[in-house]
1. Can we say S133 is in contact with a Ser or Thr (Cβ under 9 Å, 6 or more places away or on another chain) and over 21 Å from T169 (Cβ atoms)?
2. Looking at P149, P185, can you tell me which residue is surrounded by 12 or more Cβ atoms within 10 Å (Cβ to Cβ) and either assigned by TED's automatic domain parsing to the domain that holds H112 or in a loop (DSSP other than H, G, I, E, B) (or both)?
3. Consider V96 against the criteria (1) more than 24 Å from the chain's Cα centre (by Cα); (2) not in a strand (DSSP E or B): it satisfies all of them except one. Which criterion is unmet?
4. Is there a residue in the range 159-181 that is acidic (D, E), out of contact with any Leu (no Cβ under 8 Å at 6 or more places or on another chain) and exposed (fewer than 14 other Cβ atoms within 10 Å of the Cβ)?
5. Of all residues in the range 117-137, count the ones that are without any contact (Cβ under 8 Å) to a residue 24 or more places away in the chain, surrounded by fewer than 16 Cβ atoms within 10 Å (Cβ to Cβ) and in a loop (DSSP other than H, G, I, E, B).
6. Out of (1) outside the structural domain of L164 (by TED's automatic domain parsing); (2) in contact (Cβ under 8 Å) with a residue 12 or more places away in the chain, what's the single condition that is false for K109?
7. For the range 31-81, how many residues are part of a helix (DSSP H, G or I) and hydroxyl-bearing (S, T, Y)?
8. Here is a check on your reading of the model: is W154 in contact with a helix residue (DSSP H, G or I) (Cβ under 9 Å, 6 or more places away or on another chain) and of a type in the set (F, W, Y)?
Amino acid sequence: MTEPSKEAAPKPASPPQATGAPEPGKGKTPEAVNLGRRRLVLACVWGYLGVNFLMFLRYFFPRTLFEPETQFNIGYPSDFEIGVNQRFLQSHRIWVRKDPGTLFVIHAKCTHLGCTPDWEPMQNIFHCPCHGSEYDIDGINFAGPAPRPMDRCWIAKQADGTILCNKATLFINEPFAGVDQFNDPHAILSI
């Protein structure tokens, strides 16, 4: 008879070792899952603290507004044609109005709520698109809720012949209060 071979006998399964490594075919161990959760929580906490620290630093650098200068040179009287010139509307929010022999500057701000009216050259009027106020070619209100005419800016002719405009000094015309500054020396320029 032949002896049974030792190789053919099945080996008993060994118990799983508790080394922390996952068993083949199974998910992560509880220690690995907890480590991932800890990392996520710490990343959220440090991110929150980092954002708050940046906001704290931003407090020391206040926001500032850079507005255009209120006093500027608009050029020579010969640079403008008769009527309303819109060259400085975007940069300084003014219109230059020239008549034969006179020149003045209208501050492009509606006296109702401060919107910028549109110049309608076909109708020779300023029309405020917000609430419908209308002004004639000289900036005098005639329709809509605007309580008074648009303001005029201070202007003066310099020694070299150019015109200096200052938006910080405005001349108003308030008919109900009896104030009319439109004929003051620097509200209108004789050319």
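The values are calculated or read from the model by the stated rules, or taken from the named source; none is laboratory data. Everything numeric here is computed off the predicted structure, so don't read it as measured data. Backbone-built Cβ (ideal geometry, glycine too); neighbour counts: all protein chains shown.
1. yes
2. P149
3. Here V96 clears every test but (2).
4. Within the range 159-181, one or more residues are acidic (D, E), out of contact with any Leu (no Cβ under 8 Å at 6 or more places or on another chain) and exposed (fewer than 14 other Cβ atoms within 10 Å of the Cβ).
5. Qualifying residue count, the range 117-137: 8.
6. K109 satisfies all of (1) outside the structural domain of L164 (by TED's automatic domain parsing); (2) in contact (Cβ under 8 Å) with a residue 12 or more places away in the chain except (1).
7. Number satisfying all stated conditions: 2.
8. When the stated conditions are applied, W154 does not pass them.
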